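K.L.:
Following this message is one structure expressed as structure tokens.
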Amino acid sequence: MTVQMPISARACVLVFAAFCLAQAATAQTRSGGANAKSAATAQTDEPPAMGVTEWLQRMHAGARQRNYVGTFVVSAPGGDLSSARIWHVRDGEHQIERIEALSGPQRSTFRRNRNVMTFLPEAKVVKVEKRENLDLFPNLPDQPDSSIGDFYDVRAIGKDRVAGFDADVVQLVPHDGLRFGYRIWSERRSGLVVKLQTIDSESRVVEQSAFSELQLDAPVKAQALSQMMSNTSGYRVEKLELERSNAQDEGWMLRTPVAGFKPRSFFRRPTAGGEGSSGKPKQDAATVQWTFSDGLASVSLFIERYDPARAPRDGVLTIGATNAIRRRLPEPASDWWLTAVGEVPQQTLNAFAQSLARTR
């Protein structure tokens, strides 16, 4: 469960908590009537009692139904930091969004429902694609799976303030070590996620994302965003051609399913220079992407022909909550190369890699 963009705020939270404790100690010296009134107020400030699926549905509705503009910052303990400006508007049944990278290479991404266009000003290229399984910011599932409660528990923590807004704070606790936990701040009135921490099995925050500034019900004009999205003058348009397929037809299977992770999509993309005599792409010359999700976390398996000329090396990579492994598959599939990526613990990616098998 993450944001599409890769100064810790924990110190600020601790200061805020200490301040609240001091306020509570002072309040204890007041009259019994005042104490009763404070207790009644505190009860109404608790997050509502809901299950995992209900919380996710509420957050999903908050992401879809409200117009907002804000600056979103993603940070990791290793010092990785990125930020982006987000504009989101609901226009009837349509969702339109603009994400402008504020760090790293210049990049503007526009989304209208499932149509996505990414503008790269330095290269004068715009990449166009259609995402059938597009998650809404911040990557909440489109339809929360009712089985998600089999793998996560939800615990109400209390309340806090983020970017000037009151927020309910809940924690999603995984049942096993195959997935991370999450601490989530959702704006009290709308349910919009305003802060998110990804937590490992040792209760360490491996990635944090939050609005540093937010304007709800902002006067965002859908027409203005649509016009910006359609203005490709001076850019070379590159369409990402993905062909829907399935694991059986492509000759792949998982010998043992990874608990909780269900197949979500399977696409193939022809590799440049991989055409046969008929001019059509060779099936074995395609890179395939097989995606799985447990309703929150997702894993993508990219499988392609092993090319000795590229001399790739097996390896691992970790950036915040995102882990990746690269390896040549063992016999009898040693002609293939796997890259597994996901916001899951590395052991989960290893489980996928060990279970992946060639069927022909």
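The values are calculated or read from the model by the stated rules, or taken from the named source; none is laboratory data. Model, not experiment: these values are computed from the prediction. With ideal geometry, Cβ positions are generated from the backbone for all residues, glycine too; neighbour counts draw on all protein chains shown. Just so you know, the surface numbers come from the protein's heavy atoms only, side chains and all, with ligands and any DNA or RNA stripped out. Shrake-Rupley method; radii C 1.70, N 1.55, O 1.52, S 1.80 Å.
K.L.:
Per the 1.4 Å probe, what fraction of the accessible area of region 307-360, in percent, lies on carbon and sulfur atoms?
P.N.:
The C+S portion of the solvent-accessible surface of region 307-360 is 52 percent.
K.L.:
Further question: Hey, if we sort 175, 94 by accessible area with the 1.4 Å probe, largest down, what's the order?
P.N.:
Most to least solvent-accessible, the answer reads 175, 94.
K.L.:
Can you list the HN-Hα couplings for region 117-123, worked out from phi with the Karplus curve (6.51, -1.76, 1.60; θ = phi - 60°), rounded to whole Hz and with x for Gly and Pro?
P.N.:
Taking θ as phi minus 60°, the curve returns 10, 10, 9, 10, x, 5, 8 Hz for region 117-123.
K.L.:
Work out how much length residue 106 to residue 123 would gain on full extension: take 0.36 nm times their residue separation and subtract the Cα-Cα distance, in nm to one decimal.
P.N.:
Extra length available between residue 106 and residue 123 comes to 5.1 nm.
K.L.:
Same structure, new question: Counting heavy atoms of the protein chains only and a 1.4 Å probe, report the per residue accessible area for region 147-223 as a whole number of Å².
P.N.:
Heavy-atom accessible area per residue stands at 42 Å².
K.L.:
³J(HN,Hα) across region 78-83 via Karplus (A = 6.51, B = -1.76, C = 1.60, θ = phi - 60°), whole Hz, x for Gly/Pro?
P.N.:
x, x, 5, 9, 9, 8
K.L.:
Still on this model: Report the residues of region 250-268 in range of a label on residue 153: point 7 Å along Cα→C-beta, backbone N strictly under 17 Å from it.
P.N.:
Residues passing the 17 Å test: none.
K.L.:
Contour minus end-to-end for residue 235 and residue 189, with contour as 0.36 nm per residue of separation and end-to-end as the Cα-Cα distance?
P.N.:
Here the segment from residue 235 to residue 189 would lengthen by 12.4 nm.
K.L.:
A follow-up question, please. Please list the non-local residues whose amide H lies under 5 Å from the amide H of residue 103, H modeled 1.01 Å from N, same-chain partners needing a gap of 5 or more.
P.N.:
Amide H neighbours of residue 103, under 5 Å, 5+ apart: 83.
K.L.:
Using packing as a proxy for protection, rank 230-241, 155-166 so that the peptide with the highest average count of other Cβ atoms within 10 Å comes first.
P.N.:
Highest to lowest by the protection proxy: 155-166, 230-241.
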